[in-house]
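Accompanying notes for the structure given below.
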Amino acid sequence: MSARVVMLGAPGAGKGTQAKRIAELHGIPHISTGDIFRAHLERGTDLGQQVKPFLDAGHLVPDDLVCRIVVHRVREADCVNGYVLDGFPRSLPQAQALQRELNVEGAVLDVAINLAVPDDELVERLAARRSCPKCGRIYNLRFEPPRRNGYCDFEGEEDVALVQRPDDQESTVRERLVVYHRTTEPLLAFYRDTGLLRQVSGSGKSPEEVSAQIEEIFCALGVN
């Protein structure tokens, strides 16, 4: 596959799952900003040192710095045949900055895929998530429940009760969605105006069904 892909979608829409599927199916890197930040911090690079104060303070990393870090990553040798961006860009300024940098490189994006799921369904999905406080495994009481109700499957003889993260509580999820729509709708309009946006319905569909829709888009674009 030779394509530069941006995955978009609200919290709980499944963009991370689909980004990983694309990467595995087509042998291209799955790139998330969180992974990039951790890699730079671990290696102690100059970019990592610039990011560290913001992360330590719990602040968002400035758009121009995030963009420089992402562009630095997609210049690496393993991205020569394409990549999937997951979690970036998150806003119109980030998308515009990324486009400017890639235009200079002569390596513009090929497609931006938005996973569309109604808010009420997203709330149901996220409010049903539970995690193991010991191993970190994520469950979903609707789609991927544990074998024993309320307990992790992977802790042997030990009964480890699953917990709900504070940001998965219904009131918090709805607040997150308000923020998402405010910052992301201009981003969707930007990619629609540039002809890159493709909408994929994730409502009521399995990950396999969503993946099949995405593969149809790639076929239509001549991506194999």
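The values are calculated or read from the model by the stated rules, or taken from the named source; none is laboratory data. Here the structure is a predicted model, which is why all the values come from computation and not from measurement. Cβ: placed from backbone, ideal geometry, glycine included. Neighbour counts: every protein chain shown. To get the accessible areas, we keep the full protein, side chains included, count just its heavy atoms, and leave off ligands, DNA and RNA. Shrake-Rupley method; radii C 1.70, N 1.55, O 1.52, S 1.80 Å.
Looking for whichever is at pLDDT below 90 and surrounded by 12 or more Cβ atoms within 10 Å (Cβ to Cβ) here; the options are Arg142, Arg198, Arg148, Arg176. Which one fits?
Just one listed residue meets the conditions, Arg176.
For region 21-40, indicate whether the set of residues that are part of a helix (DSSP H, G or I), crowded, with 19+ Cβ neighbours inside 10 Å, in contact with a strand residue (DSSP E or B) (Cβ under 6 Å, 6 or more places away or on another chain) and charged (D, E, K, R) is non-empty.
For region 21-40, residues part of a helix (DSSP H, G or I), crowded, with 19+ Cβ neighbours inside 10 Å, in contact with a strand residue (DSSP E or B) (Cβ under 6 Å, 6 or more places away or on another chain) and charged (D, E, K, R): absent.
Give region 138-169 a look and list any residue that's within 17 Å of Ala13 (Cβ to Cβ) and either part of a helix (DSSP H, G or I) or in contact with a helix residue (DSSP H, G or I) (Cβ under 9 Å, 6 or more places away or on another chain) (or both), or say none.
Selection gives Asn140, Arg142, Phe143, Asp167, Asp168.
Scan region 173-222 residue by residue and report those that are closer than 24 Å to Phe143 by Cβ, touching a strand residue (DSSP E or B) at 6+ places or on another chain (Cβ under 6 Å) and not aliphatic (A, V, I, L, M).
Matches in region 173-222: Gln199, Ser201, Gly202, Gln213.
Looking at region 193-223, which of its residues are assigned to a helix (DSSP H, G or I) and not hydrophobic (A, V, I, L, M, F, W, C)?
Asp193, Pro207, Glu208, Glu209, Ser211, Gln213, Glu215, Glu216
Any idea which of Arg68, Arg100, Arg90 is out of contact with any Lys or Arg (no Cβ under 8 Å at 6 or more places or on another chain), outside any strand (DSSP E or B) and in contact (Cβ under 8 Å) with a residue 40 or more places away in the chain? Spell out the reasoning first.
Details: Arg68 fails: in contact (Cβ under 8 Å) with a residue 40 or more places away in the chain; Arg100 fails: in contact (Cβ under 8 Å) with a residue 40 or more places away in the chain.
From the options Arg68, Arg100, Arg90, the qualifying one is Arg90.
Search region 3-22 for residues that are within 13 Å of Glu208 (Cα to Cα) and pair each with any residue that is open to solvent by 30 Å² or more (accessible area, probe 1.4 Å) and in a helix (DSSP H, G or I) when their beta-carbon atoms are under 7 Å apart and the residues are at least 6 apart or on different chains.
Filtered contacts from region 3-22: Gly14/Pro207; Thr17/Pro207.
Among residues belonging to region 74-119 that are basic (Lys, Arg) and surrounded by fewer than 16 Cβ atoms within 10 Å (Cβ to Cβ), point out the one that is farthest from Ile28 (Cα to Cα).
Applying the filter and picking the extreme gives Arg100.
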